Amino acid sequence: MNAPFPPQFPPPMPQPRPRKSHGCLYALLGAGAAFVLLVVVIVVAAVGAGSGGGKTDAASGGKPSGRVSAKAETAKVGQRVRDGKFTFTVTKIKDGVTHLGPSGVGDTAQGQYVLVSVKVTNHGDEAQYLDDSAQYLYSRNHKKFSVDSGADIDLDGNNVWLNQINPGNTVKGVFVFDVPKHVDLDRIELHDSMFSGGVTVDLG
């Protein structure tokens, strides 16, 4: 019989398991962080573009002119103001109105209706909705009033309630606010959307 093989001395050492590489995991995490950063940059850029850096034509002495100044400031009634894709002109203010719509129906003011007549032009490259709820009226003691959209609808032919305006087109309409009687009005803040920076027209 053959003699058994002699035992090996020293016995073989166990080989260490190869460490798993985390390169793929780090690459995925890096790509995810880059994607989130890209989304944030796009959102910030979109909001900045929508604000349009409210521009006014305050050099016209209260009369509409053929240009809109690049200098942002408070305008007056009759001057053109630009926010985002829209150019606004406040043409008239009427207060003390208590009822809108046919007699017996329509809407009655809690205090009084203030009617702000406007002309709105889309100077952008695509259609944009004019949203009446994005417009605000302020008193001199800093009270902020929202549009009464129901009262807006009571006015025949009113074109400011969620109206889509194509590039180059102009619409006329009235923003209606329900405010207390004897309120001391200061200004109206106009926006091309709820996310824009807005521009101010002095009502004093």
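The values are calculated or read from the model by the stated rules, or taken from the named source; none is laboratory data. Quantities reported herein were computed from a predicted structural model and do not represent experimental measurements. Cβ atoms come from the backbone with ideal geometry, glycine included; neighbour counts cover every protein chain shown. Heavy atoms of the whole protein, side chains included, go into the accessibility calculation; ligands, DNA and RNA do not. Shrake-Rupley method; radii C 1.70, N 1.55, O 1.52, S 1.80 Å.
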- Could you pull out every one of the aspartates and glutamates with an alpha carbon less than 14 Å from that of residue 143, ignoring same-chain neighbours closer than 8 positions? 178, 184, 186, 189
- Query: Residue separation times 0.36 nm, minus the C-alpha to C-alpha distance between residue 99 and residue 140: what's the value?
  - Reply: 12.3 nm
- Rounded to the nearest 0.05, what FRET efficiency do residue 92 and residue 184 have when you use their Cβ-Cβ distance and R0 = 25 Å? 0.85
- Which of 92/119; 76/181; 94/172 have a Cα-Cα distance over 18 Å? 76/181
- Amide H within-cut-off set for residue 106, under 5 Å, with H built and near neighbours excluded: none
- Checked segment 86-163 with the C-alpha gyration tensor, a ≥ b ≥ c its square-rooted eigenvalues, rounded below a/c of 1.5, otherwise prolate if a/b is larger than b/c and oblate if not; verdict oblate
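Report, to the nearest whole %, how much of the accessible area of segment 121-162 belongs to carbon and sulfur atoms, 1.4 Å probe, protein only.
Numbers: 1030 of 2290 Å².
Heavy-atom surface of segment 121-162 belonging to carbon and sulfur, 1.4 Å probe: 45 percent.
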- Give, as a single signed number, the net charge of other residues whose beta carbon lies under 10 Å from the beta carbon of residue 132, with Lys and Arg counted +1 and Asp and Glu -1. -3
- Over the Cα atoms of segment 124-184 the radius of gyration and the largest Cα-Cα distance (Dmax), both in Å, equal 13.6, 42
